[in-house]
Amino acid sequence: MRPALRPIVTLAPLAIVLLGLFGGGLLLGLLQSVGLFALTGSDAFTLSHYRALLNDREFLVSLALSVWVASLATAVSLLLGVTMATALHYGSFVGASRTRWQRTLLQVPLAMPHLSLALVVLHLLSPSGMLSRVAYALGLAPEPSAFPVLVQDAASVGILLAYVWKEAPFLAVVALTMLTRVSRDFDDAARTLGATRWQMWRRVHLPLVAPGLVSASLAVFAYVFGAYEVPLLLGRTYPAMLGVLAERRFSSVDLIDRPAALALALAMSLIAAMLVWVYLRLARQLVGERPVLF
Amino acid sequence: MTSDSASPVILRGVSAAYGDTPVLRKVSLEIDAGELVALLGPSGCGKTTALKVIAGLLAPSEGEVYFGAENVTPLPAERRRAPMVFQKALLFPHLTVAENVAFPLDVQRIPTHQKKLRVAEALALVRLGDFGARLPRELSGGQEQRVALARAIVSAPRVMLLDEPFSALDETLRGQLRLLVREVQQRLGITTVFVTHDQREAATMSSRIALVLDGGIAQVGPARDFFTKPESLAVARFFGWQVLHGANGNWLAFRAEQARLIAPGGDAPPEGWLVLPAKHLFTTDLGTQRLARLRLAAGDEVEVEGPLPYVAPDAAVALALDPGCIREFPADAPATARGW
């Protein structure tokens, strides 16, 4: 077999399944969203479902909420993740054994499904949850229901907490792996050239790990933006995040609503792609190097 | 970049260890301001450790390091102004050549216009004036080390520390870079400590050599001293002196190039020379010279170097030595580095 053909042939079985199922579904969704192959029998091309989204207040509010939650969850996770990785990295200067258990602890949330974490958050923070009962038992709250509402709340605290809990360790592990790959000799060189620990971090370590972190945080952003199960459990009914709204409309008993629901889902994907593009542009300006895309 | 800031370097009874393993044992050494001293020694002798102690990257377990009159022992590396150039250039891969060279000035917050001038000056000194915009990955190994040198000199250091910076380069390039480092060091008058395991490199670059053996300084002096009057048997051995047992049990050391091989039927040596019967083992052709290995009656094996005549293997020959070129060491002198 010619070397150039080898990767194509090797990947073909996977590519056929992916393109057939995913690409086929996407194409069918796209066609139905513009009025073709509709289940109701209507077969006239129209962009009316997309135009309608521009005046759909529920969609616009959901969009704003999704951007807000995804941005904040990514930013906080990035900040916490990088801080944890830095602490562990510099901690291991003192002795690797001291940080081994912290590193192990960091990996625990990675192994937990998002759904499980959402249930844990619900169990901890709901008005009848563990924290409210502890607060009541300690006399910090006059009654359990007086505990602040932190799930299914207006500020989406529960959703943010679940994602930060899950994604901050993920980004910390990514940052730590990349930091470990930066030779310690660079530290010695930088120190003898007059750099303090902070300057070393700011001018040597951060720029070297930043491209990888941009890629990883991009994945976090895109995931949270289109998330479904965590916002369903921990978010409010209105406004719901886009993933929940899309699913709700798609599951409508009235098949006439199906093209509009598909238009919403595809618009969501398009907006996510645009946001990723903006994120990459901004990141490249900050980092100065093309981030590694997954 | 001026020479005004160059400091003498003084080590007083410095010991250092990695964990429980002692590496340096009570090292004392004085280096004058503007001098280039080579720390020479075999692998694992402690020479790089000594350099790290001077740089502040490793705290001594005892003793002090002075830059001039200032005791810098408690100062962290970043406050010593003693940049180190390593075996690998360690250029920061995300910065251009000019940004790498500007790094020490950036961390000192030197104004931009002044910074640009000094970076350009440093790059011109290492003959890389046009390379400022390149990234490290676009440079050859020799160019990388020249940038590392520029980065070390740009901030007018008190001391410059070079840790075998050319060891990864080919011989031609090494020769060129030795000359460049010597030229830059002399022009700027920077006190420089240069670590190497290569005698030739140490001899050609430095005004004095400090030979480090087994964690201590075995001898300090100009290169010539090591080839004419080694102070111990271990020093003599490291510098390639040939060693044999004398008639009185003492060790006799001589330079291979100062001895003569007397072939069967060959000319007798001058009057008064020490003549020892030997068996010729083999001869290696070095191009302009030959190197013959002989086994003496007492079992010692030695080498003789020069324009030697052809001698068949296993032939009975004689080794002739000028008594004026022989160094004698007591019979109980340690033959290896430990306990020099």
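Observations
- Residue pairs meeting the criteria (Cβ under 8 Å; at least 6 apart or on separate chains; first assigned to a strand (DSSP E or B), in region B:213-226; second of a type in the set (F, W, Y)): B:L213/B:F238; B:L213/B:W340; B:G216/B:W340; B:A218/B:F238; B:A218/B:W340; B:Q219/B:F226
- Any hit, region B:238-255, residues being touching a residue at least 60 places away in the same chain (Cβ under 8 Å) and under 20 Å from B:L39 (Cα atoms): yes
- Condition broken by B:S43, with the remaining ones in (1) assigned to a helix (DSSP H, G or I); (2) within 19 Å of the chain's Cα centre (by Cα) satisfied: (1)
- Residue within region A:72-84 that is in contact with a Ser or Thr (Cβ under 7 Å, 6 or more places away or on another chain), part of a helix (DSSP H, G or I) and closer than 30 Å to A:A267 by Cβ present: yes
- Just one of the listed residues (A:V244, A:V278, A:V214) is closer than 30 Å to A:V182 by Cβ and away from every other protein chain (no Cβ under 14 Å), and it is A:V278.
- Checking the stated criteria, A:D153 turns out not to satisfy the condition of being surrounded by fewer than 21 Cβ atoms within 10 Å (Cβ to Cβ), within 14 Å of chain B (Cβ to nearest Cβ) and either within 20 Å of the chain's Cα centre (by Cα) or not small (G, A, S) (or both).
- If you go through region B:37-53 and keep only what is of a type in the set (A, V, I, L, M) and surrounded by fewer than 22 Cβ atoms within 10 Å (Cβ to Cβ), you end up with nothing.
- Subset tally (residues that are in contact with an Asp or Glu (Cβ under 6 Å, 6 or more places away or on another chain), part of a loop (DSSP other than H, G, I, E, B) and more than 8 Å from chain A (Cβ to nearest Cβ)) for region B:54-90: 3
- Only one of B:G299, B:G287 that is on the phi > 0 side of the Ramachandran plot, surrounded by fewer than 17 Cβ atoms within 10 Å (Cβ to Cβ) and in contact with a strand residue (DSSP E or B) (Cβ under 9 Å, 6 or more places away or on another chain): B:G299
- Selection status of B:L177, assigned to a strand (DSSP E or B), crowded, with 17+ Cβ neighbours inside 10 Å and either more than 21 Å from the chain's Cα centre (by Cα) or not β-branched (V, I, T) (or both): no
- Within region B:227-245, being surrounded by 17 or more Cβ atoms within 10 Å (Cβ to Cβ) and outside any helix (DSSP H, G or I) holds for B:P230, B:E231, B:S232, B:F239, B:W241, B:Q242, B:V243, B:L244.
- Considering only residues in region B:257-283 that are at negative phi and free of Cβ contacts under 8 Å to residues at least 24 places away in the same chain, the one that is surrounded by the fewest Cβ atoms within 10 Å (Cβ to Cβ) turns out to be B:E271.
- The condition of being modelled with pLDDT under 90 and of a type in the set (G, A, S) holds for only one of B:G266, B:G306, that being B:G266.
- When B:Q114 is tested against (1) of a type in the set (S, T, N, Q); (2) within 14 Å of chain A (Cβ to nearest Cβ); (3) not in a loop (DSSP other than H, G, I, E, B), only condition (2) is not met.
- Restricting the first member to region A:230-248 and to residues that are within 20 Å of A:V120 (Cβ to Cβ), and the second to residues that are of a type in the set (S, T, Y) and surrounded by 21 or more Cβ atoms within 10 Å (Cβ to Cβ), the beta-carbon pairs closer than 7 Å and six or more apart or on different chains are A:V230/A:Y163; A:G235/A:S156; A:M241/A:S62; A:M241/A:S66.
- Region A:164-200 - residue that is closer than 13 Å to A:Y90 by Cα and surrounded by 19 or more Cβ atoms within 10 Å (Cβ to Cβ) and, of those, farthest from the other protein chains (Cβ to nearest Cβ): A:L176
- Any hit, region B:317-335, residues being in contact with an Asp or Glu (Cβ under 6 Å, 6 or more places away or on another chain) and more than 22 Å from B:E231 (Cα to Cα): no
- Considering each residue of region A:281-291 in turn, none proves to be surrounded by fewer than 21 Cβ atoms within 10 Å (Cβ to Cβ), assigned to a helix (DSSP H, G or I) and of a type in the set (D, E).
- Answer residue from region B:131-181, given it is among the basic types (K, R) and within 13 Å of chain A (Cβ to nearest Cβ) and is farthest from B:T49 (Cα to Cα) among those: B:R137
The values are calculated or read from the model by the stated rules, or taken from the named source; none is laboratory data. Quick caveat, the model's predicted, so the values are computed rather than measured. As a convention, Cβ positions derive from the backbone with ideal geometry for all residues, glycine included, and neighbour counts pool all protein chains shown.
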